[in-house]
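S.K.: Have a look at the structure that comes next, please.
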Amino acid sequence: MTLKLHDTLTRQKRAFVPDNPERVTMYVCGPTVYNYAHIGNFRPVVVFDLLFRVLRNLYGEGNVLYAANVTDVDDKINKKAADEGVAIREVSDRYLAAYNADAAALGALPPTFQPRVTEAMDAIIGMISDLIRHNGAYAAEGHVLFDTQAFPEYGKLSGRAMDEMIAGARVDVAPYKRHPADFVLWKPSKADEPSWESPWGPGRPGWHIECSAMIQDVLGLPIDIHGGGIDLVFPHHENELAQGVCAGHGREYAKIWLHNGFLNMADEKMSKSVGNVVLAHDLLKTWPGEVLRWALLSGHYRQPLEWTEALLDQAKSALDRLYRVLDDSGRFLAGRTAAGGDGGEIVRDALLDDLNTPQAFAGLFQLADRARQAVMAKDAPAATAARAALLDAGGLMGFLTADPQAWFQAGADDDLKGRVEALIAERAAARAAKNWPEADRIRDALAALNVEVMDGPSGATWRVRENA
Ligand code: AMP
Ligand code: ZN
């Protein structure tokens with residue numbers, strides 16, 4: 001089965017065929033690092049991490065190059081640094097580290113490249129110069145502007161007519177623009193803003209050119225897949241496409257454009273400006289990263305997803321169900337391991353169909369069911385194969401990476417852990433002394449702590465009971 005992806009540009013699901021299967025390239029627009037990122041910002045992180053994993057599975061780990069950029073030149077970063085009285089770089093470094101830590105906790109693999117605007121200035125200036133040389137851009141009053149009239153297909157990605165795009169531009173059009181839709185590639189910096197030397201005077205780049213230049217710099221053009229949130233289609237990606245094609249002298253820019261839908265709260269896009277945000281950093285204090293990842297993937301990536309407590313509870317109980325099967329089958333098989341059981345393609349095929357995660361989750365439950373039934377039937381070979389398939393398919397999606405015991409004990413604090421271990425030791429002593437009433441009393445005491453004890457050949461293990 002081949003990978004099919006929905007392409008925003010052609011508005012259809014298309015078979016994905018990379019130019020070079022030994023060098024598959026993907027670029028995703030990343031965050032502006034001036035604060036902790038909200039969980040909505042991590043929807044593209046998790047969605048495109050899943051795609052990265054699927055591509056690595058299809059083409060081989062070393063054959064997929066994934067670049068996710070960081071915007072570290074921005075007024076919001078400057079303001080934060082000024083408010084705190086620290087260097088701009090200190091702010092961007094701090095929140096980039098926090099962002100990467102949160103992404104890792106959500107199970108995202110590190111991208112192959114994480115280019116930063118401040119480190120790509122030569123590439124940005126080079127691309128702007130190239131555009132000017134090929135009549136795709138013009139300098140005026142310390143600014144450089146992209147000449148939208150030089151690209152007749154401008155508006156193609158977002159499906160907007162020129163009138164609409166102009167209406168979307170600011171009401172009072174800057175006098176140095178030849179056409180109201182023209183957008184900034186380079187602008188002068190104000191006195192207190194960071195600035196870089198350029199052929200057009202000291203200044204800094206516009207937002208859109210940064211991504212095009214970083215793509216050209218780290219991956220080379222054209223790329224196979226370009227991704228980001230749906231809010232980036234216009235103007236950001238429309239402008240990237242225009243610049244990229246003009247700088248490449250008519251060559252294709254990206255083969256497939258992929259956009260994730262919004263994460264909403266109370267039916268509105270989660271965003272700092274609305275104020276309806278929950279930080280991943282805070283959620284991770286109470287929820288395992290896999291639960292947040294599951295919640296983010298529980299709807300199809302193109303659809304809006306409503307973020308609620310109930311969504312998190314459902315994600316937790318779904319993963320509890322899978323970990324319970326891993327735990328029970330692991331104990332039944334006691335150390336027997338198998339590499340790659342069969343049946344995992346039910347999950348893989350769902351992902352190949354435009355990352356159909358709801359169907360992939362259903363596939364994981366089917367595999368779990370097979371493993372559970374094999375354990376009930378005491379069929380060790382079938383249980384081994386189904387368990388291995390579940391682990392493989394879960395791993396492909398970035399799930400089931402924890403030890404099942406640790407998963408179920410994660411809800412217990414040190415105090416509870418200490419009490420449970422002490423009670424289990426007392427119970428073992430009572431059983432050794434054949435003091436059955438005492439052993440039963442202790443079992444009840446453990447149950448009252450919401451703890452379930454499982455006896456096995458190598459002693460008793462325990463887990464915190466799932467919520468009903
Ligand atoms: P920003 O820092 O706002 O530029 O966003 C970084 C990335 O997160 C971009 O790909 C955005 O499209 C995406 N994003 C921001 N807010 C949301 C949201 N509520 N739901 C889904 N994606 C979002
Ligand atoms: Zn971008």
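S.K.: Rounded to the nearest 0.05, what FRET efficiency do Ala266 and Glu61 have when you use their Cβ-Cβ distance and R0 = 35 Å?
M.R.: 0.30
S.K.: To continue, here is another question. Can you return the lysines within cross-link range of Lys187? Criterion is Cα-Cα under 24 Å, with same-chain partners fewer than 8 residues away left out.
M.R.: Lys76, Lys79, Lys80, Lys177
S.K.: Can you compute the helix-only [θ] at 222 nm over the chain? Use -39500 (n - 2.57) per DSSP H run of at least 4 residues, normalise by all residues, nearest 500 deg cm²/dmol.
M.R.: After summing the helix terms and dividing by the residues of the chain, the value is -14500 deg cm²/dmol.
S.K.: Give, in whole angstrom and from largest to smallest, the semi-axes √(5λ) of the equivalent ellipsoid of the range 409-464, with λ running over the eigenvalues of the Cα gyration tensor.
M.R.: Over the Cα atoms of the range 409-464, the ellipsoid semi-axes are 19, 12, 9 Å.
S.K.: Need one number: nm distance between label points at Glu426 and Met454, each 7 Å from Cα along Cα→Cβ, rounded to one decimal.
M.R.: 2.5
S.K.: Tell me which of Pro194, Met214, Ala368 sits at the most positive position along the dipole axis of the chain, charges placed on C-beta atoms (Lys, Arg +1; Asp, Glu -1).
M.R.: Positive-most Cα among the choices belongs to Ala368.
S.K.: Which value in nm describes the separation of the simple spin-label points at Ala101 and Thr2, placed 7 Å from the Cα toward the beta carbon?
M.R.: 4.5
S.K.: At 0.36 nm per residue, minus the direct Cα-Cα distance, what do Val86 and Ala191 gain on full extension? Give it in nm, one decimal, please.
M.R.: 36.1 nm
S.K.: On to the next question. To the nearest 10 square angstrom, what accessible area does Ile88 show with a 1.4 Å probe?
M.R.: Roll a 1.4 Å probe over it and Ile88 shows about 60 Å².
S.K.: Under 19 Å from the 7 Å Cα→Cβ point of Thr308, by amide nitrogen: which residues of the range 254-281?
M.R.: What the label zone holds, given the 19 Å backbone N cut-off, is 262-271, 276-278.
S.K.: Out of residues 5 or more away from Ser189 or on other chains, whose amide H comes under 5 Å of its own, with H placed 1.01 Å from N in the peptide plane?
M.R.: Answer set, sorted by chain and number: Gly203, Arg204.
S.K.: Determine the dipole magnitude for the chain: charges of +1 sit on the beta-carbon of Lys and Arg, -1 on that of Asp and Glu, nothing else is charged, the reference point is the Cα centre, and the result goes in debye to the nearest 20.
M.R.: Using only the charged Cβ atoms, the result is roughly 900 debye.
S.K.: OK, next. Highest first, please rank the peptides 90-101, 446-457 by the mean number of other Cβ atoms sitting within 10 Å of their residues.
M.R.: The peptides rank, most packed first, as 90-101, 446-457.
S.K.: Follow-up question, since we're still on this one. Taking 0.36 nm per residue of sequence separation and subtracting the Cα-Cα distance, how much length would be gained by fully extending the chain between Tyr36 and Lys434, in nm to one decimal?
M.R.: 137.6 nm
S.K.: Let me ask another. Please report the base-10 log of the normalised intensity I(q)/I(0) for the chain, using a Debye sum with one equal scatterer per alpha carbon and no solvent, at each q in 0.08, 0.11 (1/Å).
M.R.: -0.57, -0.94
S.K.: Let me ask another. To two decimal places, what compactness ratio does the range 309-407 give when its Cα radius of gyration is scaled by 2.2 N^0.38 Å?
M.R.: 1.03
S.K.: So what J values fall out for the range 309-323 if you push phi through Karplus, 6.51 cos²θ - 1.76 cosθ + 1.60 with θ = phi - 60°, rounded to Hz, Gly and Pro as x?
M.R.: Whole-Hz 3J(HN,Hα) from phi for the range 309-323: 4, 4, 4, 5, 4, 5, 4, 5, 6, 4, 5, 4, 4, 5, 5.
S.K.: Return a whole-number percent for the relative contact order of the chain, with Cα pairs under 8 Å and 6 or more residues apart as the contact set. Present the calculation step by step, with values, prior to reporting the outcome.
M.R.: Numbers: 723 pairs, mean separation 73.9, N = 468.
It comes to 16 percent, rounded to a whole number.
S.K.: Next question. Extension gain Gln359-Glu153, at 0.36 nm per residue separation less the Cα-Cα distance, in nm?
M.R.: 70.5 nm
S.K.: From the phi of every residue in the range 233-239, what ³J(HN,Hα) in whole Hz does the Karplus formula 6.51 cos²θ - 1.76 cosθ + 1.60 yield, where θ is phi - 60° and glycine or proline is x?
M.R.: So the J values, rounded to whole Hz, are 4, 10, x, 4, 6, 4, 6.
S.K.: Net charge around Leu446, counting only other residues with Cβ within less than 14 Å of its Cβ (Lys, Arg = +1; Asp, Glu = -1)?
M.R.: +1
S.K.: What figure in square angstrom, to the nearest 10, would you give for the accessible area of Phe332 with a 1.4 Å probe?
M.R.: 70
The values are calculated or read from the model by the stated rules, or taken from the named source; none is laboratory data. The structure presented is a predicted model; accordingly, all values stated were derived computationally and were not measured. Please note: Cβ atoms are built from the backbone with ideal geometry, for glycine as well, and neighbour counts cover all protein chains shown. Ligands, DNA and RNA are stripped out before the accessible areas are found, and what is left, the full protein with its side chains, is counted by its heavy atoms. Shrake-Rupley method; radii C 1.70, N 1.55, O 1.52, S 1.80 Å.
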